[in-house]
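Worksheet: one structure, shown below.
The values are calculated or read from the model by the stated rules, or taken from the named source; none is laboratory data. Note that the coordinates shown come from a computational prediction; the quantities given were computed from them, not determined experimentally. Cβ placement follows ideal geometry from the backbone for every residue including glycine, while neighbour counts extend to all protein chains displayed.
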Amino acid sequence: MSSPGAGLRSVPVDLGDDSYEVWVGAGARRHLAEVLPSGAGRAAVVTQATVGVTVDPGIEHRVFTIGDGEPAKRLATVEDLCRRWAQWGMTRRDVVVAVGGGVVTDTAGFAAAVYHRGIAVVHVPTTLLGQVDAAIGGKTGVNLPEGKNLVGAFWQPAAVLCDTEVLETLPPREYASGLGELAKYHFLTGDDLGDLPLDERVARCVAIKAAIVAEDEREGGRRALLNYGHTLAHALEIAGHHDLRHGEAVALGLIFAARLARRLERVGDGRVADHEAVVAGYGLPDRLDPGHDPDELVALMKRDKKALDGLTFALDGPDGVEVVAGVPEDVVRTTLVQWLGEGGR
């Protein structure tokens, strides 16, 4: 594996023997051949028909397309990929290249983790959400009808190429979905990322996540902070009654987490207002549709994978965002009911 040329920003993810580089900048995808593992024989390029981004691994390769949207992120897709790879004759010395958003990198990464008990994967995220969050850190997985990301593995990539050039053609809502994760990083660090040039903004988010992952690769403690806003977000996505992109759901989850923290007397009204202002400043939804069923959402949140001791949330407080276990169910429900009763405002 060689290093890409000048003009790209390098962000290391320091994980000992599993360390790798994230390369950020316009045209990063054109350096794919330079970051493939040494001795890689063939490359299975996994993407979706709607992605429309081509790559050249510089070795023999074949494109494997999966379905569009969140419904493709399921065990059946993983089985289908593995069977097609087996029919092609892929071995442990080959490599998977995931080209797409979070659905592609999560699904292809998980398939790579289990095929032949693990083959190398390189991610080429093509969405803002993928570049600042989903493709970084080695968490892979798929959904079950009962919940998001309930089946998966920790499988670190050999490299990640964040080509900011491809973000220029993203549909507005797809780009906005990534802004939901930027809003999350705002509250984890206090950094104002909105005014940074795009390359710097992406690299800064990668560096924030890389530092947390380096401390807690397998989500035994601090890494759970990266789920700030995600407990309600995942419940909203699974409920599926309203048209919400992931980042839009995270934006609503951030406001709910602030409201819940206020009800638990961890923060005051001013901090809730801060959350609402940041979310609105990114042009993200800040109103929860009053048609949601609070009992359904609470039931879905109880299935969250970090719920080790009752309902568990990442919540703001006097010492910043912390993981809080054992949040009383009636407090969660009351907070939801009150928000819905205000018209979700």
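The conditions of being basic (Lys, Arg), more than 16 Å from Gln131 (Cβ to Cβ) and either modelled with pLDDT of 95 or more or in contact with a Lys or Arg (Cβ under 8 Å, 6 or more places away or on another chain) (or both) are not met by Arg29.
If the condition is being over 18 Å from Glu296 (Cα atoms), at pLDDT below 90 and not in a helix (DSSP H, G or I), then the range 218-244 contributes Arg218, Glu219, Gly220, Gly221.
Count of the range 80-136 residues, restricted to those that are of a type in the set (Val, Ile, Thr) and in a loop (DSSP other than H, G, I, E, B), is 5.
The number of residues in the range 1-44 being within 20 Å of the chain's Cα centre (by Cα) and more than 15 Å from Cys162 (Cα to Cα) comes to 4.
Selection of the range 25-72 for residues being touching an Asp or Glu at 6+ places or on another chain (Cβ under 6 Å) and closer than 30 Å to Glu237 by Cβ yields Ala28, Arg29, Gln48, Thr50. Of all the numbered requirements in (1) among the small types (Gly, Ala, Ser); (2) in contact with a helix residue (DSSP H, G or I) (Cβ under 8 Å, 6 or more places away or on another chain); (3) farther than 28 Å from Val142 by Cβ; (4) in contact (Cβ under 8 Å) with a residue 60 or more places away in the chain, Gly247 misses one, and that requirement is (3).
Of the residues making up the range 150-165, not a single one is in contact with a Pro (Cβ under 7 Å, 6 or more places away or on another chain), in the same structural domain as Val24 (by TED's automatic domain parsing), part of a helix (DSSP H, G or I) and modelled with pLDDT of 95 or more. Within the range 1-37, the set of residues being in a loop (DSSP other than H, G, I, E, B) and among the small types (Gly, Ala, Ser) comprises Ser2, Ser3, Gly5, Ala6, Gly7, Ser19, Ala26, Gly27.
Cβ-Cβ contacts under 6 Å between residues 6 or more apart (or on different chains), taken from a first residue in the range 129-141 that is at positive phi to a second residue that is part of a strand (DSSP E or B) and not hydrophobic (A, V, I, L, M, F, W, C), are listed as Gly141/Asn149; Gly141/Gly152.
Exactly one residue out of Ala44, Ala40, Ala76 is part of a loop (DSSP other than H, G, I, E, B), closer than 20 Å to His116 by Cα, aliphatic (A, V, I, L, M) and in the same structural domain as Ala153 (by TED's automatic domain parsing): that is Ala40.
Restricted to the range 139-166, and to residues there that are among the acidic types (Asp, Glu) and surrounded by fewer than 22 Cβ atoms within 10 Å (Cβ to Cβ), the residue that is nearest to Glu200 (Cα to Cα) is Glu165. Return a yes/no flag: does the range 181-190 have any residue that is assigned to a helix (DSSP H, G or I), more than 24 Å from Thr231 (Cβ to Cβ) and either touching a Pro at 6+ places or on another chain (Cβ under 8 Å) or touching a residue at least 24 places away in the same chain (Cβ under 8 Å) (or both). No, that holds for no residue. Residues in the range 68-101 that are of a type outside the set (A, V, I, L, M), touching a Ser or Thr at 6+ places or on another chain (Cβ under 7 Å) and surrounded by fewer than 22 Cβ atoms within 10 Å (Cβ to Cβ): Asp68, Lys73, Thr77. Residue-level check: of (1) within 25 Å of Thr127 (Cα to Cα); (2) in a helix (DSSP H, G or I); (3) under 21 Å from the mean Cα position of the chain (by Cα), Phe256 misses just (1).
Among the candidates Gly101, Gly141, the residue that is closer than 18 Å to Glu217 by Cα and small (Gly, Ala, Ser) is uniquely Gly141. Every test in (1) at pLDDT 95 or above; (2) more than 15 Å from Val213 (Cβ to Cβ); (3) under 16 Å from the mean Cα position of the chain (by Cα); (4) not small (Gly, Ala, Ser) is passed by Gln87 save one, and that test is (3). Scanning the range 1-58 for residues that are surrounded by fewer than 14 Cβ atoms within 10 Å (Cβ to Cβ) and on the phi > 0 side of the Ramachandran plot returns Gly7, Gly16, Gly39, Gly52, Gly58.
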